[in-house]
1. Which three extents, in angstrom, do the Cα atoms of segment 246-291 have along their principal axes, listed largest first?
2. Specify the angular offset, from 0 to 90 degrees and rounded to the nearest 10, of the alpha carbon long axis of helix 452-462 from the longest principal axis of the alpha carbons in the chain.
3. Taking amide H positions as placed in the peptide plane 1.01 Å from N, state which residues far from PHE129 in sequence (5 or more) or on other chains have amide H under 5 Å from it.
4. Give me the angle, in degrees from 0 to 90, between the Cα long axis of helix 347-367 and the longest principal axis of the Cα atoms of the chain, rounded to the nearest 10.
5. Using only Cα atoms, tell me the angle between helix 437-450 and the longest principal axis of the chain; keep it within 0 to 90° and round to the nearest 10.
6. With the dipole of segment 11-86 worked out from charges on the C-beta (+1 for Lys and Arg, -1 for Asp and Glu) around the Cα centre, which of PRO85, GLY68, SER39 lies farthest toward the positive end?
7. Name the aspartates and glutamates eligible as straight-distance cross-link partners of LYS153: C-alpha to C-alpha under 15 Å, and not fewer than 8 places from it in the same chain.
8. Which value, in debye to the nearest 20, describes the size of the charge dipole of segment 397-511 about its Cα centre when Lys and Arg Cβ atoms bear +1, Asp and Glu Cβ atoms bear -1, and nothing else is charged?
Amino acid sequence: MTTQTEQFLSQLPGDVITGLRRADALWDQYKQGTRTIPSVVQESSEPLTLEIQWDVVICGGTLGVLLGAALTQKGWRVALVERGPLRGRAQEWNISRRELAVFTELGLLSAAEVEGAIASEYNPARLSFHKGIDLWVEDVLNVGIDPINLLDKLKAKFLATGGHLLEYTAFVSATIHPNGATVTVKQQEGERSLSTRLIVDAMGHFSAIANQARQGQQPDAVCMVVGTCAQGFPQNDTGDLFASFTPIQDQRQYFWEAFPARDGRTTYLFTYLDADPQRPSLEDLFEDYWRLLPDYQNVKLTDLTLVRALFGFFPCYRHSPLQLPWDRMVAVGDSSGNQSPLSFGGFGAMLRHLPRLTQGISAAVQGDYLTHPALALLQPYQPSLSVTWLFQTSMSVGVDQTLAANQINELLAAVFCEMEQLGTPVLKPFLQDVVQLSGLVQTLGRTTIYHPLTTLKVIPQVGVGALLEWLVHFVSLVLYTILGWLTPLWRVLMPFLPPPLQHTLQCWIDAWIYGAGLDH
């Protein structure tokens, strides 16, 4: 019997249903714990005899080109390895104008080039919870960037400033030597080696390098997402950032996101859960998507013309950002898990950290600070991310857990109601994946005072262990905030230190500022 998912996805060009089932096969491996641990990184005690061709080899071009273009602009020899063509997808990346300023601040693009990459823009956006509140905000994730346009411009910038691009080139393995590293890649004509001082892993959530470093560790949480961009919706120039209109069903709370796109309207259904074998497949999730979409968007499925389908699952790890255990290697973007467990897709996180990573990697290469303890300083612990694990846990339901049907919606409505009362300085950073001490304390304080019963229900849901772990991260957030406020003092001390300690102190300053959300 043909499912609705097969029926609708068959309307799209290409074999989309096969792609969906391929993703589900990988998801099954995560749930069953049957993934093969890669062995793509080796270490050799023998010095590298080849001449070093590159200062940096970046594996993974989609987000790697952002860093590559920034590094070549600083004069470094950079090679960028991309498995297919370096070309963005058709689906827009949502961001805010404020975050896009990074491109002009780093000199990567002109204001006109950034403007030309904007495919759509809308205001306002809604947060809505079942039997709770409707809250409207402006200028948050309301700009749709055309990835094809943006990556074409960054690719041109990368090449114009001396970067070397290897498209249709797959990463195979890496060998770390005392004085350099080699990257083996596979092209149509066969394998070849690239010699470099530093390897950057920008190959995403499923990077073989990152997976080898994690040694088959099960993800602590997963965000599952399905959706479409389609035409035929009623006219609607607003969006939803975070919406729920149903209670908990089948041990999961469903959330929605929707916004106007250049060629239709994009709607996502997503949920937070663990990797238990009983969890649904992406295809199952799509069946619920078709069932609920008409009520959510007030539209008949028969009125819709699909433009594209969107689906994926995003594993999240408490031990993030990932610090690779080898010399001469650093992970960035989704490979490192440098975004909170609440967000999926790392474009916004990559933009936020691009100035820090550009300066940090440049200084590391300049000073030859390329041991794994030195490179770990570039992906430090960030309490502003770690405290969000409690929020993620409070929005998920264990497979054997019993919660009141509307408990998650009630909690979210209470929290965002108090954030709205506290105003934009508290609400906007949180919606852009940045947690700051002042906003966190005020929000939790008001929620506890004005919604005590709702707050108390969280304790048995998340467990005492999770609360104690959160308390450790909260204390760290306090400490990092104080240390970040003292940045002028650290700047005064900097000139009196030898260069290696200057670099270390600068990395710590960045860790304190970003780890406390003070960069926002």
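1. Extents along the principal axes: 38, 21, 19 Å.
2. Around 60 degrees separate the two axes.
3. Amide H to amide H, under 5 Å and 5 or more residues apart or across chains, PHE129 pairs with SER244.
4. It is inclined by approximately 20 degrees.
5. Between the helix axis and the principal axis of the chain, the angle is about 20 degrees.
6. It is PRO85.
7. Partners found: GLU113, GLU115.
8. 280 debye
The values are calculated or read from the model by the stated rules, or taken from the named source; none is laboratory data. Only a predicted model underlies this, so the values are computations on that prediction, with no experimental measurement involved. Methodologically, a virtual Cβ is constructed for each residue, glycine included, from the backbone with ideal geometry; neighbour enumeration extends over all protein chains shown. Keep in mind that these areas ignore ligands, DNA and RNA; they rest on the heavy atoms of the full protein, side chains included. Shrake-Rupley method; radii C 1.70, N 1.55, O 1.52, S 1.80 Å.
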